[in-house]
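Here the structure comes first, spelled out in C-alpha cells, and everything after it is commentary.
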Amino acid sequence: MFDWRMKLLGNGRAANAALGAILGFMMSNQPLAGAESAAAFFVYAGTYTGPQSKGIHLFRLEAATGALTPLGLTAEITNPTFLALHPKQPFLYSISEVGGAKGGGVTAFKIDPRGGGLTQLNQQSTGGNGPCHLSVDKSGRCVLVANYGGGSIAALPIREDGALGEATAFIQHQGSSVNPQRQKGPHAHWIDVDPNNRFAYVCDLGLDKILIYRLDPVKGVLSPNQPGFAAAKPGAGPRHLAFHPNGRFAYVINELGNTMTAYAVDDYNGALTAIGEWPTLPPDFTGKNTTAEVEVHPSGKFVYGSNRGHDSLVVYAVDEQTGKLSLVQHQSSGGKSPRNFAIDPTGRWLIAGNQASANLAVFKIDPANGRLSPTGQSFDVGAVCLKYLPVLRAE
C-alpha cells in the first residue's frame, strides 16, 4: 500500500528508514526510533466551540527546541472535543460533542500532508448523546466512539477513501454506582484498543468499570469478552486509560476518586488485575478536584496525570518490573482546569490544554527523572484534546 508520508520524505534509503520509523511509532505506540530526525510535528487542538473557538486549531511544534507556532483554525466544526489520527493514511477523525434525539456526530477529514490543513469528507451519527472520546483501531479499519451522555459505545467502518460508514456495532451500557450526582447511569468516557489490537477497553465513569470487548476490526464488530470487565473502587469514576509501551501494564485515572490505578494486563484474555493505587493530589490539598487525562511517557519510565481544581500535572516514576508508581512531582499546569495534555513522540515536550483559562502551556520533560519545567510559552486556545502528527523533511 502506498503511504502518504512518502510525499513528505522523498525517495531512497533514508526516506524508507524514516517512513518505517514513523509507521512503527504510529502502529505500535512505542518510542519513535530516530525521532530526532523529525524536524517538527503538526499539533491538532480540539475545542469546545463558542466565542473563543470555532473548531479545530493547528500548531507546529519544533522538535529540537519545543517552540510552538499557531497556524490558525483549520476546520470549523461544533465541539470537536476529541480527535484521532489514522495510523496509515492522511485522515483525522473528530467527534462533535452534542446531544439531541439524533445523538452526537463523528466527522472524517483528509489531511493536507504539506500544510496540515483539513478537508471534510463526511459525517456519521455516533448513535448516542454527548460523545466524548474516539479512537482508530491499529489496522485503520474502524473508528470506536464512547458516548458519555448516552452511556453507550459504537464502531464505525472506515472506507478506502477515509470516509466513515454507518455504525456496524452499537452497545448500550446499563447500571449505576454509588455517587448519586455523577453515577445514576452509565457514562462511557474512553475507548481504545490494546497494543495487539485484539481487545477494546472502555472506561465507564458511571458504572465504576473498565469494560472489555473482543474486537473484529475487519467486520467492525464488538463482542462480549470473558472476563467482561475490571471493577474499579466504588465511587472512583474511571475516566481514561493508558497502556505502558511494554503492553504488560495499564494506568487508569479516576476522575471522582482523584487516584491513579495500575493494572497488570493479561495478554491472553485481556483481563486487568489491579496492582496498586496512588493519589493524584498532595496530602495537604483540601479543595475540590477532579482528574482528567493520563499518559505514559514513550520511554515507559514515567506516568502523567492532570488535576482540575489543584490545576496541576502529577508525575510518577514507573517500576518497569512491577508496574508500580512512585511520586515525582506536582507541577502547575500553567492555567486553570487542565482537561487534556499530550506528550510529543520524542518524549521531550508536554503541551497542557487548560480548559477554564482557555490556554495552552508548553513544558520541557527531563529525560532522567520525568520532571516538568515550564518553557514560558502560552497560547490563547482552550484545547480539550491534542494530537501530534510527525512531519519530516526530505533529505
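The values are calculated or read from the model by the stated rules, or taken from the named source; none is laboratory data. Since this is a predicted model, take the numbers as computed values, not measurements. When we count neighbours, we look across all protein chains shown, and the Cβ atoms used for this are built from the backbone with ideal geometry, even at glycine.
In table form, for the structure just shown:
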{"quantity": "Which listed residue is assigned to a strand (DSSP E or B), at pLDDT 95 or above and either in contact with a Leu (Cβ under 8 Å, 6 or more places away or on another chain) or surrounded by 21 or more Cβ atoms within 10 Å (Cβ to Cβ) (or both), from T107, T119, T81", "calculated": "T107"}
{"quantity": "Residue pairs meeting the criteria (Cβ under 8 Å; at least 6 apart or on separate chains; first within 13 Å of G376 (Cα to Cα) and buried (at least 19 other Cβ atoms within 10 Å of the Cβ), in the stretch 60-73; second among the hydroxyl-bearing types (S, T, Y) and at pLDDT 95 or above)", "calculated": "G66/T375"}
{"quantity": "Identity of the residue in the stretch 239-259, charged (D, E, K, R) and not in a strand (DSSP E or B), that ends up surrounded by the most Cβ atoms within 10 Å (Cβ to Cβ)", "calculated": "E255"}
